[in-house]
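To keep things clear, I will list the structure first and then write my remarks on it.
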Amino acid sequence: MKTICRKKTKITVVDSIMGSGKTSWAIQHMDETSSSNRFIYITPFKSEIERVIGSLSRDFVQPENTKDGTKLESLKKLITEGKDIVSTHALFQRMDKELITLIQLQGYTLILDEVMDVLEPVKLSSDDLKVLLSAKNKRGESIITVNENGFVSWNDETYSEGNFTNIRNVAKAGNLMLFNNVAMYWLFPIEAFKGFDEVFIMTYMFSGQIQKYYYDLFNLNYEYRSVSDLNGKYTLVDYVELEAEDRKHLKDLIKIHYSKASDKIDLNRMGEGRYALSKSNLKDLTRKNTTRKILKNNAYNFYRNKVQVKSDQVMWTTFKEFQIKLSPIGLKKEFVSVNARATNDYADKSVCIYIANRYMNPVTKQFFASKGITVDEDLFALSELLQWLFRSRVRKGEPIDVYIPSERMRSLLEGYLEGSNENPLLFKLSKEG
């Protein structure tokens, strides 16, 4: 087999606020680069593919299902042909060893529009995990073994289809980790990023995102840059630190709802406390008809009576598992996923309702901590909130009305917009001191 001699992949995190021109820079960069340089552009949504292709001067293609094969096979064929490619996060996540080798051989630059899911808990009950950990193959050896870094190997070639088929497949691909015998994680193969000549990741607040912690886990080096419009030309410039950003225009555009003493109903009362409206708290609240009804009615009251808009001007969210239970009257079709990012589909929405309090999965946080990686949960939460809010018309420089009943999430947004703290991202609830 041919040996591939490679230099170290250069990874650049293009970290600029939403609407600053990251996508415009990427399109400009790809058009201006020599045709001998090959690109793979990865976006979260199918709807963005055609928009990107239509904006480029050079020819880009997308993988397609055919009667002869899947999109993954189509992607491999296009890479073999040296095509410039646009595809989605979902397809890119199916990366396998063959695809990594093809990318290495052809020499590609990756432009990743927004961070992707690079680490996910494997759905496995605690009882099933115990069974798996104690299971033996025909030679009396453990079905799985775990190396010093936590990666799982599968040791039973005779195993056929069964409860652990997915576990076997992920382990054999080298993408499975075990944490403290209590949880298993699928990890996107780090070799995929190393296989590109160069990687650009376009996002905002990378320091609070799971992909950053994943890179740190594998000691992958990266540098930060920002985007600036210099006389009509988008250019990568020195990274603009968060504390140095001018966010006055956002403070003028984002109107946060506050309850007043004169209000008959305190719409924010349900969100008092650091953990109110978190996923675990909502599990308790939504079990009770009274509290579930209060949350729904408060959201309805906000958009119908407080700001008095029609439902088609509203976007709202909560955790997916509570979507049906908490859907306010008239807003069933206006739900936008709590982790939505990098889409313009909601750019005309003027009212945002955010019924959530974001925390990283506690086991995932412990997993990173066990590897010596500290997670900033407030930065993570703020980053997720801002990504969601910027799906609305604020990305076009137009004002929005925002209802965030969670005291913690609202406080983080306030601190960010004020920019008056020594570090606005460490803004805490005042009562916590």
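The values are calculated or read from the model by the stated rules, or taken from the named source; none is laboratory data. Keep in mind that this is a model prediction, so the values were computed, not measured. Every residue, glycine as well, gets a Cβ built from its backbone with ideal geometry; the counts of neighbours run over all protein chains shown. Side chains included, ligands, DNA and RNA excluded: accessible areas come from the protein's heavy atoms. Shrake-Rupley method; radii C 1.70, N 1.55, O 1.52, S 1.80 Å.
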Exercise for review: Just give me the residues in segment 109-145 being among the acidic types (D, E) and under 17 Å from the mean Cα position of the chain (by Cα), in sequence order.
Suggested key: D113, E114, D117, E120
Review point. In segment 26-36, which residue that is open to solvent by 20 Å² or more (accessible area, probe 1.4 Å) and within 18 Å of I201 (Cβ to Cβ) is nearest to the chain's Cα centre (by Cα)?
Key: I27
**Study point:** Residue count for segment 19-33, restricted to those that are at pLDDT 95 or above and either part of a loop (DSSP other than H, G, I, E, B) or out of contact with any strand residue (DSSP E or B) (no Cβ under 6 Å at 6 or more places or on another chain) (or both)
**Key:** 5
Review point. So M205 clears everything in (1) surrounded by fewer than 17 Cβ atoms within 10 Å (Cβ to Cβ); (2) in contact with a Phe, Trp or Tyr (Cβ under 9 Å, 6 or more places away or on another chain); (3) over 22 Å from A90 (Cβ atoms) except one condition, right? Which one?
Key: (1)
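Helices (runs of 4 or more DSSP H) wholly in segment 233-301 with at least 2 residues that are closer than 17 Å to G19 by Cα and either modelled with pLDDT of 90 or more or open to solvent by 80 Å² or more (accessible area, probe 1.4 Å) (or both) - which ones?
So the answer is 248-253.
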Exercise for review: Confirm whether S280 is in contact with a Leu (Cβ under 7 Å, 6 or more places away or on another chain) and either under 15 Å from I355 (Cβ atoms) or without any contact (Cβ under 8 Å) to a residue 60 or more places away in the chain (or both).
Suggested key: no
Exercise for review: Being farther than 20 Å from E148 by Cβ and of a type in the set (D, E) is the filter; apply it to segment 179-200 and report the residue that is most open to solvent (accessible area, probe 1.4 Å).
Suggested key: D197
Practice item. Output the residues belonging to segment 184-202 that are out of contact with any Ser or Thr (no Cβ under 8 Å at 6 or more places or on another chain) and in a strand (DSSP E or B). Key: M184, W186, L187
Exercise for review: Please determine, by comparing only the residues of segment 140-150 that are out of contact with any Phe, Trp or Tyr (no Cβ under 7 Å at 6 or more places or on another chain) and within 15 Å of A183 (Cα to Cα), which one is surrounded by the fewest Cβ atoms within 10 Å (Cβ to Cβ).
Suggested key: N149
Review point. Name the pairs whose Cβ atoms lie under 8 Å apart, with the first residue in segment 63-82 and in contact (Cβ under 8 Å) with a residue 12 or more places away in the chain, the second among the acidic types (D, E), and 6 or more positions between them or separate chains?
Key: K71/E64; L72/D96; K76/E98
Revision key, fill the gap. For K212, the lone unmet condition from (1) of a type outside the set (A, V, I, L, M); (2) modelled with pLDDT of 95 or more; (3) under 17 Å from the mean Cα position of the chain (by Cα); (4) surrounded by fewer than 19 Cβ atoms within 10 Å (Cβ to Cβ) is (4)
Exercise for review: Among the residues of segment 151-178, write down those that are under 21 Å from F368 (Cβ atoms) and surrounded by fewer than 18 Cβ atoms within 10 Å (Cβ to Cβ).
Suggested key: F151, G174
Point to revise | Where V52 falls short, out of the listed (1) buried (at least 18 other Cβ atoms within 10 Å of the Cβ); (2) in a loop (DSSP other than H, G, I, E, B) | key: (2)
Exercise for review: Pairs only if they're at least six apart or on different chains, beta carbon under 7 angstrom, first in segment 296-323 and without any contact (Cβ under 8 Å) to a residue 60 or more places away in the chain, second open to solvent by 70 Å² or more (accessible area, probe 1.4 Å); list them, first residue then second.
Suggested key: Y300/I329; N301/I265; F319/K279
